[in-house]
1. Leaving out ligands and nucleic acids, and using a 1.4 Å probe, what accessible area per residue does the chain come to in Å²?
2. To the nearest 20 debye, what is the magnitude of the charge dipole of the chain about its Cα centre, counting +1 on the Cβ of each Lys and Arg and -1 on the Cβ of each Asp and Glu?
3. Report the local net charge at LEU86: Lys and Arg +1, Asp and Glu -1, summed over other residues whose C-beta lies under 15 Å from its C-beta.
4. Let me have the relative contact order for the chain, percent, based on Cα pairs under 8 Å that are six or more residues apart.
5. Once you list every other residue whose beta carbon is under 14 Å from the beta carbon of ARG179, what net charge do they have if Lys and Arg are +1 and Asp and Glu are -1?
6. Work out, in µm²/s and without decimals, the Stokes-Einstein translational diffusion coefficient of region 45-156 at 4 °C, 1.567 mPa s, Rh from Kirkwood over C-alpha pairs.
7. Taking amide H positions as placed 1.01 Å from N in the peptide plane, with prolines and chain starts having none, which residues 5 or more places from SER59, or on another chain, fall under 5 Å of its amide H?
8. Step through the residues of region 36-43 one at a time and calculate ³J(HN,Hα) from phi using the Karplus curve (6.51 cos²θ - 1.76 cosθ + 1.60, θ = phi - 60°), rounding each to whole Hz and writing x for Gly and Pro.
Amino acid sequence: WTKSVHANAVIQPEFFVEVLGLIFRPKGETREHEPSEEERLRARNAYRLLMEWKDVPGSTSKQTVDEALLNAWLRTARTLAAEKGLDEIADSRIGQVFAFAPNESDGTWPCTPVRDALEEIGTDEVFHGFEIGIYNKRGIVSKSLREGGAQERTLEAMYLGYSVACQVDWPQTAASLRRVAEMYEREARREDTEAMLD
């Protein structure tokens, strides 16, 4: 569980599923015994490794994603995960990693191979994970005292723009991006209210 192993989490779907199995129980499986301290430690390390994973499978040095490599990775990973009863959590984690996809050459987002993959997978879990990943990658936010929701409105406009670019050929991805925009719109209103109360 070293940093050198971390790189393999991107290119080895078998390792990805192994990591999931250290953290999550398969669907329908009940815990037969309390995990040992060693099992807890392995699960913690696996979880940390999973949280650090931000490279979309098939990523290249040119800030693009090779669609053939991505699709091959997804086929293997999702098949193995389904065999182990980990398909739902696998889709969720894949969706979260897709939140770190590069832009398309025209500035729209995410890149076309990831849009295609999202539409192909099409599960609630992958889109929910995608939206969680987008929200979480923003990180800690600093603001001036009476700033209000200006930052959130900028993000709302950005994700609405991305949604419009996707709506014809990638309708499920467009809908997901609209939900993200709507979330930031709600946050903006809340931030405006709190700024007025300060």
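1. Numbers: 11210 Å² over 198 residues.
Ligands and nucleic acids excluded, the figure is 57 Å² per residue.
2. Once rounded to the nearest 20, the dipole reads 440 debye.
3. Summing Lys and Arg as +1 and Asp and Glu as -1 gives -3.
4. Details: 249 pairs, mean separation 33.7, N = 198.
After rounding, I find 17 percent.
5. On the way: positive: ARG178, ARG186; negative: ASP124, GLU131, GLU156, GLU182, GLU185, GLU187.
Once positives and negatives cancel, what remains is -4.
6. Working: Rh = 15.3 Å.
In µm²/s, the coefficient rounds to 85.
7. Amide H neighbours of SER59, under 5 Å, 5+ apart: ASP66.
8. 6, 4, 5, 5, 5, 5, 5, 5
The values are calculated or read from the model by the stated rules, or taken from the named source; none is laboratory data. These numbers come from a predicted model, not from an experiment. Using ideal geometry, Cβ is built from the backbone for each residue, glycine included, and neighbour counts are taken over all protein chains shown. Side chains are part of the model used for accessible areas, which takes the heavy atoms of the whole protein and leaves out ligands, DNA and RNA. Shrake-Rupley method; radii C 1.70, N 1.55, O 1.52, S 1.80 Å.
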